[in-house]
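The values are calculated or read from the model by the stated rules, or taken from the named source; none is laboratory data. Just so it is clear, the structure is predicted and the values come from calculations on it, not from any experiment. Every residue, glycine as well, gets a Cβ built from its backbone with ideal geometry; the counts of neighbours run over all protein chains shown. Remember, those area values only see protein heavy atoms, side chains included, never the ligands or the DNA or RNA. Shrake-Rupley method; radii C 1.70, N 1.55, O 1.52, S 1.80 Å.
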Amino acid sequence: MDGSVELPPDRRALDGLGRNHSLHTALADLVDNSIDAEASHVLIRFVRKDGRLRGLYVVDNGKGMSAARINVAMTLGGRREYSEKDLGSFGIGLKAASFSNAKLVTVLSCAAGHAPVGRRLEADPNKRGFHCDVVAEAFAKSELSRRWGIPWSGTGTIVRWDEVFGFPVTDDPTRVEEFITRSMTEIINHLGLTLHRVIEEGRIEIFLDVEDVDHELVGPRSRVDAINPFGYARTGKAGYPKNLVARHGDLQVVFKCHIWPPRSRILEFNLAKGAEKHQGLFFYRRGRLLQAGGSWDGVSVAVRERQLARVEVDIDGLPPGLLAMNPEKSRVQVGPDFAPLAASAVADDGATFADYLTDAEERFRESRKRRRARKSMIPPGKGFAPQLKRAIRDEIPMQDHQAPITMRWTRFDRAHRDDFFRVDRADRVLWLNERFRPPAKSGRRGSNDASLLKSLLYLLMEQAFTGEYLGVRDRDNIELWQEILSMAAKVDVGE
Ligand SMILES: Nc1ncnc2c1ncn2[C@@H]1O[C@H](COP(=O)(O)OP(=O)(O)O)[C@@H](O)[C@H]1O
Ligand SMILES: [Mg+2]
């Protein structure tokens with residue numbers, strides 16, 4: 001050798017960073033940092049000035065950073081010691097997430113026993129080197145002491161983006177509003193899904209709002225609720241979920257195979273893009289969802305008939321050669337050994353992946369056949385809880401051209417004091433006797449109460465509302481039910 005030369009990376013190396021990020025995946029990466037910092041609350045705030053969207057804040061009440069820490073944080077590839085459960089790993093998340101969406105990122109932070117600190121990085125390819133501006137302490141302090149509406153005990157971090165690329169370059173209120181609504185929905189769905197386990201455990205609460213700087217107004221806040229892609233009420237097939245286990249050297253890989261009940265309308269099943277798009281493998285790392293199905297990664301192929309099949313896989317401790325996440329944490333890359341490994345997985349009862357997929361497909365086909373053969377019914381209307389209505393619609397073809405059946409409680413007059421129900425065919429109302437109304441479990445009694453009772457009555461009496469006339473037999477049936485239900489209700493109220 002004749003010596004050495006220093007070869008700092010070209011600034012343009014930054015351009016490629018986080019190229020696969022969108023606004024919501026980038027924000028998820030920032031929220032990951034907040035979770036690693038043990039924040040209990042995170043606020044994502046859009047900033048609007050002169051009618052235009054100008055910037056975005058992510059504020060958390062985590063441990064914060066000292067001056068030394070924040071320098072590492074702003075360094076590309078600046079790593080720290082990671083614990084078993086940390087979501088961070090490459091030391092590029094903050095930078096990649098920020099520069100894939102904005103030209104300027106400012107980080108302000110305060111750790112216990114340290115003064116507030118602030119740094120600002122600009123992604124300007126014409127600027128030489130990797131200079132980082134130091135924010136005045138007074139500014140950091142004033143920003144950190146604003147009322148962000150999250151519990152605050154002196155420590156926390158603010159990440160602020162300015163000159164965000166994706167924001168509309170207009171002050172047209174309709175377009176700005178449209179953009180905000182669409183982005184917020186995307187963010188809420190994405191965070192609710194990727195972080196559903198963390199949210200369900202109560203480790204973090206995430207809010208979104210919009211600040212209008214000119215009018216010093218902050219709009220109503222929305223909360224991110226967990227969206228569990230395995231959150232069905234009842235398994236689609238008995239015996240599932242089933243664990244298929246494969247061995248990889250000394251390691252065990254567990255495939256938790258689920259079969260969804262057919263035709264669910266809930267978001268947990270449809271996940272914004274539709275059920276068919278979300279069959280396949282769901283990979284989790286440290287409780288965070290990295291991949292929400294969409295592929296079988298060589299284990300099988302995605303087809304319509306497999307739409308009820310979803311497999312949960314925790315990749316913690318597995319070697320990167322087998323499975324590795326991309327830097328945006330939005331996808332998992334599988335190695336060549338992965339598909340053969342999955343094929344070797346078996347359950348306690350000897351079932352394999354092929355058996356599982358067959359079961360899922362059969363369930364799908366059979367449900368389609370069965371539903372076609374089912375007689376259509378008048379839809380349920382007011383008085384039914386929304387989930388109940390969805391469940392009924394999932395199972396029964398609906399006569400949507402018909403006025404729905406309403407169920408309501410009311411006081412019956414003296415002459416009918418002992419009746420349990422009254423059929424009002426003209427207005428499609430099934431009146432229920434208030435006197436026999438079951439007490440509410442949780443204080444307030446809403447009009448959508450008594451789901452169990454109402455669904456039974458709906459299934460039993462829907463026919464009483466169809467057709468022009470009631471036959472003799474129908475009328476006799478109604479009398480019979482009236483008799484028995486009235487007695488049952490009396491027994492229940494203790495008369
Ligand atoms: N909200 C935050 N609160 C506390 N520390 C943070 C926060 N965001 C980033 N950091 C610090 O910055 C470092 C770099 O973050 P990042 O670029 O996302 O890489 P990684 O998360 O992979 O370490 C983190 O390891 C952490 O020490
Ligand atoms: Mg990170």
Matching residues, the stretch 34-72, being among the charged types (D, E, K, R), open to solvent by 20 Å² or more (accessible area, probe 1.4 Å) and either away from ligand 2 (no atom under 16 Å from the Cβ) or more than 29 Å from the chain's Cα centre (by Cα) (or both): Arg48, Lys49, Asp50, Arg52, Arg54, Arg69
Some residue of the stretch 206-217 being under 20 Å from Asp60 (Cα atoms) and either in contact with a His (Cβ under 9 Å, 6 or more places away or on another chain) or assigned by TED's automatic domain parsing to the domain that holds Ala343 (or both): yes
Residue match in the stretch 74-93 (condition: under 12 Å from Leu30 (Cβ atoms) and more than 8 Å from ligand 1 (Cβ to nearest atom)): no
Segments classed as strands (runs of 3 or more DSSP E), wholly inside the stretch 292-334, with at least 3 members that are in contact (Cβ under 8 Å) with a residue 60 or more places away in the chain and either farther than 17 Å from Ala354 by Cβ or small (Gly, Ala, Ser) (or both): 309-314
Scan of the stretch 139-151 for residues that are surrounded by 15 or more Cβ atoms within 10 Å (Cβ to Cβ) and within 26 Å of the chain's Cα centre (by Cα), ordered by number: Trp148, Ile150
Options Glu163, Glu178: the member that is surrounded by fewer than 16 Cβ atoms within 10 Å (Cβ to Cβ), in the same structural domain as Leu87 (by TED's automatic domain parsing) and without any contact (Cβ under 8 Å) to a residue 60 or more places away in the chain: Glu178
Residue count for the stretch 181-218, restricted to those that are touching a residue at least 40 places away in the same chain (Cβ under 8 Å), of a type in the set (Lys, Arg) and in a helix (DSSP H, G or I): 1
Residue match in the stretch 86-99 (condition: more than 13 Å from ligand 2 (Cβ to nearest atom) and either surrounded by 17 or more Cβ atoms within 10 Å (Cβ to Cβ) or modelled with pLDDT of 95 or more (or both)): yes
Out of Arg247, Arg263, sole residue that is of a type in the set (D, E, K, R) and either free of Cβ contacts under 8 Å to residues at least 60 places away in the same chain or not in a strand (DSSP E or B) (or both): Arg263
